[in-house]
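Peer 1: The following block contains the structure, expressed as structure tokens.
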Amino acid sequence: MTAISLEQVGKVYQSGEVSTVALEQVTLSIPMGELSMLVGPSGCGKTTLISIATGILTPTSGTVTTLGQSLASMTDTQRVLFRRQHIGFIFQQFNLLSTLTAAENAAMPLVAAGMPLAKAVIKANALLARLGLADHCHKLPKQLSGGQQQRVAIARSLVHDPALIVCDEPTASLDGKTGREVMDILRSVANHPQRAVLIVTHDNRVYSFADRIYDMADGKMVGEYTHETYLHKES
């Protein structure tokens with residue numbers, strides 16, 4: 001199954017009589033079992049694209065299929081439930097709740113889905129241990145390094161076993177070594193036939209982790225590459 005399929009997708013923002021084209025006839029197909037990256041200059045439409053692909057925004061034109069589902073056919077409530085069940089999100093800002101422990105933060109998607117907190121924390125503890133944080137489960141975010149906090153955010157995105165992980169600049173606020181450690185984790189997560197990882201990034205230090213790279217400019221898709229061919233293009 002294809003993780004995300006966009007066909008001739010356009011998005012126009014309207015403010016009074018002013019129209020701003022964010023996406024123009026974008027077509028792409030992102031496969032399962034791979035780590036894909038979406039790159040391009042600021043303002044080229046990357047965030048709009050992933051917002052449409054995950055049902056946060058609706059397109060002005062075109063069709064969107066995510067994990068085999070047509071998002072346009074869903075109600076707002078159904079799209080929220082779909083994201084909660086099937087998609088995990090990781091952001092540049094870790095967005096951890098300061099008064100909750102690492103395990104409690106990681107357990108939040110399960111709690112939101114109705115699982116009792118104690119049971120959800122047990123599952124979160126096991127996942128954090130797999131990510132090298134077994135000794136940090138009971139710590140608050142302020143007691144963790146940036147890289148550790150990002151691992152908690154990764155655990156939070158994985159705890160409900162989603163088929164799609166969407167990351168927006170997950171390494172931008174990390175040093176090179178920590179960023180590579182985070183990408184190693186995401187790389188291993190993507191190595192599963194029933195899961196896809198899509199990363200929006202400006203961080204050229206991590207391009208080598210991609211199975212394929214989609215290049216955007218001015219709201220359009222301008223190229224699809226392996227990381228080797230993209231790095232050759234840039235050199």
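All of the numbers you see were taken from the coordinates with simple rules; none came from a lab. Predicted model only: the values in this text are computed from it and were never measured. Methodologically, a virtual Cβ is constructed for each residue, glycine included, from the backbone with ideal geometry; neighbour enumeration extends over all protein chains shown.
Peer 1: For the stretch 27-40, check the following and say yes or no: at least one residue is of a type outside the set (S, T, N, Q), farther than 25 Å from THR226 by Cβ and surrounded by fewer than 17 Cβ atoms within 10 Å (Cβ to Cβ).
Peer 2: No, every residue in the stretch 27-40 fails to be of a type outside the set (S, T, N, Q), farther than 25 Å from THR226 by Cβ and surrounded by fewer than 17 Cβ atoms within 10 Å (Cβ to Cβ).
Peer 1: For the stretch 74-101, give me each residue that is in contact with a Ser or Thr (Cβ under 9 Å, 6 or more places away or on another chain) and surrounded by 13 or more Cβ atoms within 10 Å (Cβ to Cβ).
Peer 2: Once the filter is applied, which keeps residues that are in contact with a Ser or Thr (Cβ under 9 Å, 6 or more places away or on another chain) and surrounded by 13 or more Cβ atoms within 10 Å (Cβ to Cβ), the stretch 74-101 yields ARG79, PHE82, ARG83, HIS86, ILE87, GLY88, PHE89, ILE90, GLN92, PHE94.
Peer 1: Further question on the same structure: Of all residues in the stretch 198-224, which are under 20 Å from VAL166 (Cβ atoms) and part of a strand (DSSP E or B)?
Peer 2: Hits for the stretch 198-224 are LEU198, ILE199, VAL200, ARG212, ILE213, TYR214, ASP215, MET216, MET221, GLU224.
Peer 1: Report, by residue number, each residue of the stretch 159-185 that is in a helix (DSSP H, G or I), surrounded by fewer than 22 Cβ atoms within 10 Å (Cβ to Cβ) and among the aliphatic types (A, V, I, L, M).
Peer 2: Listed by number, the list holds a single entry, ILE185.
Peer 1: So THR66 passes all but one of these: (1) farther than 22 Å from GLY179 by Cα; (2) more than 20 Å from the chain's Cα centre (by Cα). Which condition number does it fail?
Peer 2: (2)
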